[in-house]
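Input: a single structure, listed below in structure tokens.
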């Protein structure tokens with residue numbers, strides 16, 4: 001059973017800890033965060049250790065790290081932590097949930113997290129330190145670069161490309177052969193049919209409030 005330190009102490013770490021408790025391959029022994037976040041968050045039963053002291057408490061040779069941080073600042077914080085932990089000498093584990101379906105022949109990037117019911121089809125490439133949440137489809141020949149966050153239910157269609165530090169929201173769809181350029185935000189439910197510009201934001205408009213009340217809408221249009 002591999003000893004694991006989770007890098008993070010908030011919601012993402014809590015969710016990953018719940019999965020890892022049920023996974024006989026791993027034993028989570030601690031959390032680590034930057035020292036200024038020691039008093040924020042936490043998980044009952046686990047010690048949170050400031051990154052400055054991590055090597056004193058858990059030697060590099062004894063533990064691996066799983067990235068359990070969120071997507072703040074377009075994953076830049078997660079990216080920074082990833083590189084600093086690597087520089088300390090820790091192995092950063094690529095975590096694939098047992099219920100994920102991975103068919104690509106290409107090795108997944110270092111430190112990726114692949115959650116249950118995800119489908120990764122043949123010829124897909126996933127870069128280092130990317131989070132692929134539950135029920136995502138990464139279709140054939142698609143490419144996910146490093147430090148990306150792909151939220152639940154998103155579909156990345158065949159031969160499409162998601163560049164570095166992109167956030168893709170719940171149930172978003174990227175159409176075949178489309179490129180989502182770096183540092184983009186693709187909102188929940190958005191449909192991307194053309195290449196995006198770097199650092200652009202694409203939100204679905206279907207959830208906007210209509211001028212009708214629900215009662216009037218049913219009266220005039222039905223449900």
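Please determine whether any residue of the stretch 102-116 is more than 14 Å from the chain's Cα centre (by Cα), surrounded by fewer than 20 Cβ atoms within 10 Å (Cβ to Cβ) and within 29 Å of residue 33 (Cα to Cα). Scanning the stretch 102-116 turns up at least one residue that is more than 14 Å from the chain's Cα centre (by Cα), surrounded by fewer than 20 Cβ atoms within 10 Å (Cβ to Cβ) and within 29 Å of residue 33 (Cα to Cα). Could you tell me whether residue 157 is surrounded by fewer than 20 Cβ atoms within 10 Å (Cβ to Cβ), within 30 Å of residue 68 (Cβ to Cβ) and either in contact with a strand residue (DSSP E or B) (Cβ under 8 Å, 6 or more places away or on another chain) or not assigned by TED's automatic domain parsing to the domain that holds residue 79 (or both)? In short, yes. Would you check if there is a residue in the stretch 178-193 being touching a helix residue (DSSP H, G or I) at 6+ places or on another chain (Cβ under 8 Å), part of a strand (DSSP E or B) and modelled with pLDDT of 90 or more? Checked the stretch 178-193: at least one residue is touching a helix residue (DSSP H, G or I) at 6+ places or on another chain (Cβ under 8 Å), part of a strand (DSSP E or B) and modelled with pLDDT of 90 or more. Taken over the stretch 113-130, the criterion of being on the phi > 0 side of the Ramachandran plot and free of Cβ contacts under 8 Å to residues at least 40 places away in the same chain is satisfied by 117, 123.
Pick from the stretch 1-27 the residues that are free of Cβ contacts under 8 Å to residues at least 60 places away in the same chain and more than 21 Å from residue 134 (Cα to Cα): which of them is surrounded by the most Cβ atoms within 10 Å (Cβ to Cβ)? Checked the stretch 1-27; the qualifying residue surrounded by the most Cβ atoms within 10 Å (Cβ to Cβ) is 27. The single condition among (1) out of contact with any strand residue (DSSP E or B) (no Cβ under 8 Å at 6 or more places or on another chain); (2) surrounded by fewer than 16 Cβ atoms within 10 Å (Cβ to Cβ); (3) touching a residue at least 12 places away in the same chain (Cβ under 8 Å) that residue 191 does not satisfy is (1).
The values are calculated or read from the model by the stated rules, or taken from the named source; none is laboratory data. Here the structure is a predicted model, which means the values were calculated and not measured. Every residue, glycine as well, gets a Cβ built from its backbone with ideal geometry; the counts of neighbours run over all protein chains shown.
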